[in-house]
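Read the structure below first, then the notes.
The values are calculated or read from the model by the stated rules, or taken from the named source; none is laboratory data. Since we're looking at a predicted model, the values are computed, not measured. Heavy atoms of the whole protein, side chains included, go into the accessibility calculation; ligands, DNA and RNA do not. Shrake-Rupley method; radii C 1.70, N 1.55, O 1.52, S 1.80 Å.
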Amino acid sequence: MAEGDDKDWPNWAKSIKSWLAVATGLIVAVGLLLAALGKGKEAWCSLVSCDQPKPGPVAPAPPKANCPASLPAYDSPEMGGGHNQEEICGPNRKTYEQQYPGCAVSMAVSESSNKDFLGHVTYKYHCTYAIRPK
């Protein structure tokens, strides 16, 4: 269709033709930009179904974690203030996590205190550990 062939068209048809030309130009420009950025196929495949590569063979499942049924508890010696539960019980938990990398180790801590006749308070931490496969 030549440029001057739309002289006899109604104005509304000419407007639609102009808008279609602008929209088409924008779509082409965006497509070229995406292609230049290396994102063209991703953008196109997000709009339409592209043939995706066939998945390769499935890797065998890792062996089950060899977690023990339980872990030994730990009771700290009596100590003065200024300590916390993580400081006293955490190193054992970290050791268990290193010994059993396929297992999740959780920790529960309680503490008891004793005050002597001079008002000096000592604390004792009671650490229990639970273990399960990750």
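Between K124 and A69, what is 0.36 nm times their sequence separation minus the Cα-Cα distance? Round to one decimal in nm. If you can, show how the numbers build up before the last one.
Values: separation 55, 0.36 × 55 = 19.80 nm, distance 2.61 nm.
That pair, K124 and A69, stretches by 17.2 nm at full extension.
Could you give the length gained by full extension between D8 and Q99, i.e. 0.36 nm per residue of separation minus their alpha carbon distance, to one decimal place?
Values: separation 91, 0.36 × 91 = 32.76 nm, distance 8.61 nm.
Net length gain for the segment: 24.1 nm.
How much area per residue is accessible in region 82-134 when the probe is 1.4 Å and only protein heavy atoms are counted (Å²)? Walk me through the numbers before you get to the answer.
Numbers: 3530 Å² over 53 residues.
I get 67 Å² per residue for this part.
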